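J.: Encoded as structure tokens, here's the structure I'll be asking about.
The values are calculated or read from the model by the stated rules, or taken from the named source; none is laboratory data. The structure presented is a predicted model; accordingly, all values stated were derived computationally and were not measured. Every residue, glycine as well, gets a Cβ built from its backbone with ideal geometry; the counts of neighbours run over all protein chains shown.
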There are 2 protein chains.
Amino acid sequence: MFDNSDRTEIAAMGEFGLIQHLSQHFENKHAKTVKGIGDDCAVIDQGDHFSLVTTDLLLEGVHFDLSFHPLKHLGYKAISVAVSDIYAMNGMAEQVMVGLGLSNRFSLEAVEELYAGMQIACEHYGVDLVGGDTTTSRSGLVLSLTAVGRVAKDKIVYRGGAQPGDLLVVSGDMGGAYMGLQILEREKRVFMEVPSMQPDLEQYDYIVGRQLKAEARKDVVELLKMLDVKPSSMIDVSDGVASELYHMAKANGFGFHVYEEKLPIDPQTLDTALAFDLNPSIVALNGGEDYELLFTVAQSDYEKIKTMPDFTVIGYVTDVTSKNMLLTKSGNQFEIKAQGWPESQKDS
Amino acid sequence: MFDNSDRTEIAAMGEFGLIQHLSQHFENKHAKTVKGIGDDCAVIDQGDHFSLVTTDLLLEGVHFDLSFHPLKHLGYKAISVAVSDIYAMNGMAEQVMVGLGLSNRFSLEAVEELYAGMQIACEHYGVDLVGGDTTTSRSGLVLSLTAVGRVAKDKIVYRGGAQPGDLLVVSGDMGGAYMGLQILEREKRVFMEVPSMQPDLEQYDYIVGRQLKAEARKDVVELLKMLDVKPSSMIDVSDGVASELYHMAKANGFGFHVYEEKLPIDPQTLDTALAFDLNPSIVALNGGEDYELLFTVAQSDYEKIKTMPDFTVIGYVTDVTSKNMLLTKSGNQFEIKAQGWPESQKDS
């Protein structure tokens, strides 16, 4: 079945090429399908509004490690990951569905923990759990999430739509979830070598929390509405800002200039990166799973957003096609390359 | 993490108990959420119509065996499984999303085969592939499917809603997919013992096709519309008719009487069951994956459906609470029990 002749490794497709390659023969036939592959959500015309639908797959050993990820936190994070894509379209999430593949290693109590976390998240985001599919799994824990939301037709924001000169803004801070993961993996290695060592994670509470219990930025969508600002383009930060900029530049047809000195990095992220001998700016650009919102606004909206402590203008849209540059503190320019073959490649 | 104290095995939850148990603390908060957990699809109010959303998880080693399941057929079947739930609500599927977990054992050509099958299915059912999520998998192939459809508010059919005296109808025939699986698994065993033996599946083409390349009954929904028949309740046959009757009886509050002599069984299914020393009626009732539609209609609709060759009246709704009985050819009665812990437990 898996004959090696004429075999092309998937990795050889390069960055973000697989879905694009596979979907090239698919054509949308329904007039109601407003947007298919190629954004954070699929967009469906429901008459007086749009529905937004998104799906995510979270696999044990790829997206989470149960040796340090408490199931309750994982349940919470899974819902966050799902609804984050709805917020990235400037919509509100209303329903989620959960597919669950369970090995017999899981007890009822373990699954209850997972669901307890999901329930807290559903209440936090104001979404209804409306069903799913539960099955046995021969291997690890499998979680598939589907979120459904809605947005007014004149409020929807896509990945593309920015114009040269628009400002590039990010909510919250960058790179924390990635450094939290480094801490957790280090403590796991220590524990496996010296089981009597109890990890002291207190000094890393912020970044560890960013990794284990991600928050989706529903509040950012609400704040933008309150400020009467409609972004010209938007995406959520799942794979990392560098990857998201790649997607946005591709969808916009224009690239970005990003100022290194503007990157919002929490002191805990900064200190931990330096302790790990990592460049904090690289961590901020390439570290994924922050689930912040990355968006562009017209310069005329600058007055409305400039005093918002949670928004940072980190750059602007250039008139150069699809090329993203980092302008460093020392005055140099480097091209921002998207990560290599990512573990998860989200395409609507 | 997996402390064995206070451990309850999931299997001990018994039939269909897990999702019900887990979801008991979840309450729907959105007025737009018309139906959450407990039917083939979630139902969302979109103003002048309902949206239907459903999700399925298909895992290698649980739901399919790649040693005999061609990837193209698997792609086709995956889409069929997803849209079948939409048809079970009397709706039309319009969009699907695919989550894909791939191990590095898969070449690009293999994934192309999978997608080629999906594309044929999408064209056949008239649905748009509108996105998904692709990720690496440390273990086997993982497929998660989400289907979205729509139905007029006055045309929606739930699992519940039947009245005593309503007729129980099934489309197509029963048990074929299960017997096809028995043939494929037997040939696999033979092949592993004597690799030079080439399987001759020609005489089993119908039942093997039922297993490998399932068809969802979009045509049944169209036919019912043409006949101006709205079923009083409906479900699709994924786990097996016995399990589906359990769900319907629970949702209706009434049980069913099923006539053994009426069960539609294809000659190939019958012959193969007998060759395997299996009771064909048991195969018909408990064999899953036929993806036929099982529905109830008022007796006044009998004239409209009686000449349809693809519809078989197999029983009726009783006034007995939630108990399903098989009335045998020999005049005996047996209670129809749902299967034990099913491999896949679908709940909207």
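J.: Restricting to the stretch A:29-72, name every residue that is facing chain B (nearest Cβ under 8 Å) and free of Cβ contacts under 8 Å to residues at least 24 places away in the same chain.
T.: Once the filter is applied, which keeps residues that are facing chain B (nearest Cβ under 8 Å) and free of Cβ contacts under 8 Å to residues at least 24 places away in the same chain, the stretch A:29-72 yields A:29, A:30, A:32, A:33, A:44, A:47.
J.: Taking the stretch B:135-148 on its own, how many of its residues are within 8 Å of chain A (Cβ to nearest Cβ) and surrounded by 18 or more Cβ atoms within 10 Å (Cβ to Cβ)?
T.: 9
J.: Return a yes/no flag: does the stretch A:311-326 have any residue that is free of Cβ contacts under 8 Å to residues at least 60 places away in the same chain and either over 30 Å from residue A:92 (Cβ atoms) or not acidic (Asp, Glu) (or both).
T.: no
J.: Okay, moving on. What number of residues in the stretch A:148-166 are in contact with a Ser or Thr (Cβ under 7 Å, 6 or more places away or on another chain), of a type outside the set (Asp, Glu) and on the phi < 0 side of the Ramachandran plot?
T.: Our first condition is that a residue be in contact with a Ser or Thr (Cβ under 7 Å, 6 or more places away or on another chain); within the stretch A:148-166, this holds for A:148, A:150, A:157-164, A:166.
Retained after the next criterion (residues that are of a type outside the set (Asp, Glu)): A:148, A:150, A:157-164.
Right, trim to on the phi < 0 side of the Ramachandran plot and you get A:148, A:150, A:157-160, A:162-164.
Count: 9.
J.: A follow-up question, please. Applying the selection to the stretch B:7-66, what residues are basic (Lys, Arg) and surrounded by fewer than 19 Cβ atoms within 10 Å (Cβ to Cβ)?
T.: Scanning the stretch B:7-66 gives B:7, B:29, B:32.
J.: Within the stretch B:120-134, track down each residue that is crowded, with 21+ Cβ neighbours inside 10 Å and facing another protein chain (nearest Cβ under 7 Å).
T.: If the condition is that a residue be crowded, with 21+ Cβ neighbours inside 10 Å and facing another protein chain (nearest Cβ under 7 Å), then B:122, B:128, B:129, B:130, B:131, B:132, B:133, B:134 are the ones that fit.
J.: Going through the stretch B:220-241 one residue at a time, which ones are surrounded by 21 or more Cβ atoms within 10 Å (Cβ to Cβ) and either among the basic types (Lys, Arg) or within 24 Å of residue B:335 (Cβ to Cβ) (or both)?
T.: If the condition is that a residue be surrounded by 21 or more Cβ atoms within 10 Å (Cβ to Cβ) and either among the basic types (Lys, Arg) or within 24 Å of residue B:335 (Cβ to Cβ) (or both), then B:233, B:234, B:235, B:236, B:237, B:238, B:239, B:240, B:241 are the ones that fit.
J.: Considering only the stretch B:73-87, I want to know if a residue exists there that is within 19 Å of the chain's Cα centre (by Cα), buried (at least 24 other Cβ atoms within 10 Å of the Cβ) and at the interface with chain A (Cβ under 7 Å from one of its Cβ atoms).
T.: no
J.: Related question: Checking residue A:160 against (1) modelled with pLDDT under 95; (2) facing another protein chain (nearest Cβ under 8 Å): exactly one of these is not met. Which one?
T.: (2)
J.: Residue B:151: more than 26 Å from residue A:21 (Cα to Cα), touching a Leu at 6+ places or on another chain (Cβ under 7 Å) and either facing chain A (nearest Cβ under 7 Å) or among the β-branched types (Val, Ile, Thr) (or both), yes or no?
T.: When the stated conditions are applied, residue B:151 passes them.
J.: Determine, yes or no, whether residue B:157 is assigned by TED's automatic domain parsing to the domain that holds residue B:69, under 22 Å from the mean Cα position of the chain (by Cα) and not charged (D, E, K, R).
T.: Answer is no for this residue.
J.: Just for strands (runs of 3 or more DSSP E) wholly inside the stretch A:1-92: which have at least 3 residues that are at pLDDT below 95?
T.: Here the list reads A:33-35.
J.: Hey, among the residues in the stretch B:291-323 that are among the small types (Gly, Ala, Ser) and not in a helix (DSSP H, G or I), which one's farthest from the chain's Cα centre (by Cα)? Write out each step before concluding.
T.: We begin by selecting, within the stretch B:291-323, every residue among the small types (Gly, Ala, Ser); these are B:298, B:300, B:315, B:322.
Adding the requirement that they be not in a helix (DSSP H, G or I) leaves B:298, B:315, B:322.
Numbers: B:298: 23, B:315: 20, B:322: 21 Å.
Among those that are among the small types (Gly, Ala, Ser) and not in a helix (DSSP H, G or I), it is B:298.
Residues checked against (1) over 26 Å from residue B:75 (Cα atoms); (2) among the polar types (S, T, N, Q):
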| position | (1), (2) |
| --- | --- |
| B:177 | no, no |
| B:194 | yes, no |
| B:205 | no, no |
| B:245 | yes, no |
| B:269 | no, yes |
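J.: Ok, one more. Mind telling me which of the residues A:151, A:157 ends up being crowded, with 24+ Cβ neighbours inside 10 Å, touching a residue at least 40 places away in the same chain (Cβ under 8 Å) and among the β-branched types (Val, Ile, Thr)?
T.: So the residue among A:151, A:157 that is crowded, with 24+ Cβ neighbours inside 10 Å, touching a residue at least 40 places away in the same chain (Cβ under 8 Å) and among the β-branched types (Val, Ile, Thr) is A:157.
J.: Test of understanding: among A:299, A:333, which residue is at pLDDT 95 or above, surrounded by fewer than 21 Cβ atoms within 10 Å (Cβ to Cβ) and more than 14 Å from chain B (Cβ to nearest Cβ)? Please lay out each step first, then the result.
T.: Values: A:333 fails: at pLDDT 95 or above.
Matching residue, one of A:299, A:333: A:299.
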